[in-house]
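So the structure is just underneath, and the comments pick up after that.
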Amino acid sequence: MNTDNFLDIDDLTADEVDEVLARAAALKNGEDDAQLSDQTLGMLFEKPSTRTRISFETGMTQLGGHAIFMGPEDIQLGHGEPLKDTARAMGRYVDGIMARLFSHEDAEILAEYADVPVINGLTDDAHPCQTLADLLTIRERFDEDVQVAWVGDGNNVGQSFAIGCALAGIDLTVATPSEYPMDDAVVDRATELGSEPEIYTDPEAAIEGADVVYTDVWVSMGEEDKREEKLAAFEGFQLNEELLAGTDAKVMHCLPAHRGEEITDAVLESDRSIVWDQAENRLHAQKALLVELLG
């Protein structure tokens, strides 16, 4: 790999994304015996998570290593001591750091001062580990001509996914309310990588011809004060049977889902849903990433 850290999905080249996904598929099928014997991953959690903690901790165990969980009660990121000091000390103890934070700048500080690889487990700007799992899920189901639509908030998950699609050569359409678009810099970056997303404010237009329709929560962690405002803005963006009636598209969601808001229970539990494969693939994709960075 050309990178020592994984803070954004485009820290990897297109070829490196392909390599990680190929290794993930091999690990999933039991065809790769790569191990991280006696290696330790320090995991910093400023935000709680089910899938991120379990998948990384299980992944390290399966690879022969060990993971240490440190939550908000265990370590005060940037408060008890400067974050750069925490990073420098941790780098002397562990072989890698995975951090799930609010501020993307904090992830960059960790990467600057820790002398070990740092993995972004989520920040307010990006969720590259989720994107690896998403791309693995799509690769398992479709050929290179797949058409994917993102419907909902132009949030961190969507932004990483847009750039990931560009790296993987996947055609992407995006439908967001005009008040909550993807960042222009993200669209520009995807375009630089050779795959400009088509941008809509109409979900029906965006999903026309789509093989996969992907959504995420409308009210992310830390945005609870904007809840009523956001729910009003996203009227008509729900993935429901009516919206999807004219398509055979599979449905993806990074979870947790707010059933009855961005997606209905009926759609999430339907044969369209490949959400549980997507959730499982967090484990396999992250194991591949850990081997590439730490092995």
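The values are calculated or read from the model by the stated rules, or taken from the named source; none is laboratory data. A quick note: this is a predicted structure, and the numbers were derived from the prediction, not measured. All Cβ positions, glycine included, derive from the backbone under ideal geometry; neighbour counts span all protein chains shown.
Looking only at residues in region 130-178 that are assigned to a strand (DSSP E or B) and of a type in the set (A, V, I, L, M, F, W, C), the one that is surrounded by the fewest Cβ atoms within 10 Å (Cβ to Cβ) is Ala175. Among residues of region 94-121 that are more than 15 Å from Leu41 (Cα to Cα), those with a Cβ under 7 angstrom from a residue that is in a strand (DSSP E or B) and at pLDDT 95 or above, sequence gap 6+ or separate chain, pair up as Ala107/Ala99; Ala107/Val118; Ala107/Asn120. No other residue among Glu192, Glu223, Glu208, Glu242 is under 24 Å from the mean Cα position of the chain (by Cα) and at pLDDT 95 or above apart from Glu192.
Considering only helices (runs of 4 or more DSSP H) fully contained in region 1-100, which possess at least 3 residues that are of a type in the set (A, V, I, L, M) and either crowded, with 18+ Cβ neighbours inside 10 Å or at pLDDT below 95 (or both)?
In region 1-100, the matching helices (runs of 4 or more DSSP H) lie at 14-28, 83-93.
Of the candidates Asp211, Asp184, the single residue that is under 27 Å from Val17 (Cα atoms) and either assigned by TED's automatic domain parsing to the domain that holds Phe45 or without any contact (Cβ under 8 Å) to a residue 12 or more places away in the chain (or both) is Asp184. The condition (being more than 16 Å from the chain's Cα centre (by Cα), surrounded by 15 or more Cβ atoms within 10 Å (Cβ to Cβ) and closer than 24 Å to Ala25 by Cα) is satisfied by just one residue among Val291, Val213: Val291. Here region 50-77 is the region considered, the condition is being in contact with a Lys or Arg (Cβ under 6 Å, 6 or more places away or on another chain) and among the small types (Gly, Ala, Ser), and the residue that is farthest from Arg23 (Cα to Cα) is Ser55. Within region 109-126, is even one residue surrounded by fewer than 23 Cβ atoms within 10 Å (Cβ to Cβ), part of a helix (DSSP H, G or I), in contact with a Leu (Cβ under 7 Å, 6 or more places away or on another chain) and not assigned by TED's automatic domain parsing to the domain that holds Phe161? Yes: region 109-126 contains one or more residues that are surrounded by fewer than 23 Cβ atoms within 10 Å (Cβ to Cβ), part of a helix (DSSP H, G or I), in contact with a Leu (Cβ under 7 Å, 6 or more places away or on another chain) and not assigned by TED's automatic domain parsing to the domain that holds Phe161. Residues satisfying the criterion are absent from region 68-88 (criterion: touching a residue at least 40 places away in the same chain (Cβ under 8 Å) and not polar (S, T, N, Q)).
What about Thr201, is it among the β-branched types (Val, Ile, Thr), modelled with pLDDT of 95 or more and more than 24 Å from Ala245 (Cβ to Cβ)?
No.
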